[in-house]
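Visitor: Below is a structure I'd like to ask you about.
What follows is calculated from the coordinates using simple rules that are stated; it is not laboratory data. All values reported here derive from a predicted model rather than from experimental measurement. Please note: Cβ atoms are built from the backbone with ideal geometry, for glycine as well, and neighbour counts cover all protein chains shown.
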Amino acid sequence: MSEVPGGAGAVVARPGPLRRLYDWVLHWADTPYGVPALFLLALAESSFFPIPPDPLLIALCLGAASRSLHFAVVATAASVLGGIIGYGIGWGAWSVAEPLFYAYVPGVSPEAFERVRALYDRWDFWAVFIAGLTPIPYKVFTLSAGVFAINFPVFVLASVLSRGLRFFLLAGLIYRFGAPITAFIDRYFNWLAWAFGILLVGGFAVIEFAL
């Protein structure tokens, strides 16, 4: 806590470390390095970085709506590449990386890995797909996919489809509706992503059981 100068003892809370990190991510949208920052952020978030690329993607799209779909391509390509790197870490270097990830990467824990293992036993493609589309920490699935040796082409396909849907949905909404849609996205995007993922999985399940 710190006093506001001239505020008669009033105090304000300092932003926490995650908020400061979030603000640092967003500031790149106002620099000439916004697109490279988006690429690196989406790449890193797929295996260890705690802030998702969506806020920076939204900020870039708002600054240049005509390039929204280009920004979505950058975010998708970088995120999938980062997922492949995460898969490689899990597959080839987990015995060395495990203590560091458990200690320092939010959301990555032995308990999370065990929950993911149960999902992979039955739903390898859909587990990755839902994680890539929704607010579930994607990094837990990329790392564990390598640890549990999930079929690599299946992993890549699920990642491309889910990350592409997520980022193109965001960029497409801004491209179509502009700034007025941002408040709606900020408030309801996580719910929309969950609903879309559930409906999509449900649709395929209906097709499977009907045939």
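Visitor: Using the count of nearby Cβ atoms within 10 Å as a rough guide to exposure, how do 140, 128, 35 rank from fewest to most? Kindly include the intermediate steps, with their values, before the conclusion.
Guide: Working: 140 21, 128 30, 35 18.
If I rank by nearby Cβ atoms, fewest first, I get 35, 140, 128.
Visitor: For a test of the definition: using alpha carbon positions, the gyration tensor, and the 1.5 limit on a/c, classify segment 70-115 as rounded, prolate or oblate.
Guide: On the way: a/c = 2.68, a/b = 1.96, b/c = 1.37.
Because a/c hits 1.5 or more and a/b exceeds b/c, segment 70-115 counts as prolate.
Visitor: Between residue 115 and residue 20, how many nm apart are label points set 7 Å from Cα along the C-beta direction?
Guide: 2.9 nm
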